[in-house]
Amino acid sequence: MVARLKNLYLYLALACLLGIVAIFVFDGYMGIYDTVYITAGEQEQKIEADSWSEDNGIWWSVGTNWGEKVFFRYEVDNRQFSSYSADIEVSVWRSQQKVLDLLSEQIQIASFNSGLLEWVVDTVELEPVPPEQTYEYTVIIKRGELEQRIILYINYTPKFPVPAR
């Protein structure tokens, strides 16, 4: 009986350590995470799941010139024991009015797997920008009840002909 009591504290300490590790694994790893990759020109931005919150005052934005394309990749990572499905809608808005629908799909992701969607914003399809003016659009990504926004700045830079020498 003395041997059992002698190891009791060791067993309790191991159980507490395993409990703490399990809390970190399930709280920090498990869930549904989404990441957006935005490529405009030669610059790529990566927006990870933990930086989407509008409460922290961070608004994600990307800028481009009128006539160019902006490429988006949207990765949804399912870190759950069950499969995940959601309707994903992507649209472009300006002044609280929808300008363009980009994507409307349902995504099915197996457990501990990820899904990838891609779309392109062609600025030519948007309102022409007058010279030396910038327009602001909002790309809204809806995944189920979750809504995320990315500000898209489009400016017009006139291309002057290069003088011949």
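The values are calculated or read from the model by the stated rules, or taken from the named source; none is laboratory data. Nothing here was measured: the structure is a model prediction, and the numbers come from that model. With ideal geometry, Cβ positions are generated from the backbone for all residues, glycine too; neighbour counts draw on all protein chains shown. For accessibility, only protein heavy atoms count, side chains too; no ligands or nucleic acids. Shrake-Rupley method; radii C 1.70, N 1.55, O 1.52, S 1.80 Å.
Restricting attention to the range 80-104 and to residues that are among the charged types (D, E, K, R) and over 16 Å from the mean Cα position of the chain (by Cα), the residue that is surrounded by the most Cβ atoms within 10 Å (Cβ to Cβ) turns out to be Arg94.
Which ones in the range 106-127 are out of contact with any Asp or Glu (no Cβ under 7 Å at 6 or more places or on another chain), at negative phi and outside any strand (DSSP E or B)? Across the range 106-127, the qualifying residues are Ala110, Ser111, Val124, Glu125, Leu126, Glu127. The selection criterion, being open to solvent by 70 Å² or more (accessible area, probe 1.4 Å) and polar (S, T, N, Q), holds for Gln43. Do the conditions hold for Val121, that is, is it under 15 Å from the mean Cα position of the chain (by Cα), modelled with pLDDT of 90 or more and surrounded by 15 or more Cβ atoms within 10 Å (Cβ to Cβ)? Considered against the rule, which asks whether it is under 15 Å from the mean Cα position of the chain (by Cα), modelled with pLDDT of 90 or more and surrounded by 15 or more Cβ atoms within 10 Å (Cβ to Cβ), Val121 comes out as no. Among the residues of the range 53-100, just one is among the small types (Gly, Ala, Ser), modelled with pLDDT under 85 and under 28 Å from Val25 (Cβ atoms), namely Ser53.
In the range 105-118, the residue that is nearest to Thr39 (Cα to Cα) out of those that are free of Cβ contacts under 8 Å to residues at least 40 places away in the same chain and open to solvent by less than 70 Å² (accessible area, probe 1.4 Å) is Ser114. Restricting Phe81, Phe71 to residues that are in a strand (DSSP E or B) and either in contact with a Ser or Thr (Cβ under 8 Å, 6 or more places away or on another chain) or of a type in the set (Gly, Ala, Ser) (or both) narrows the list to Phe71.
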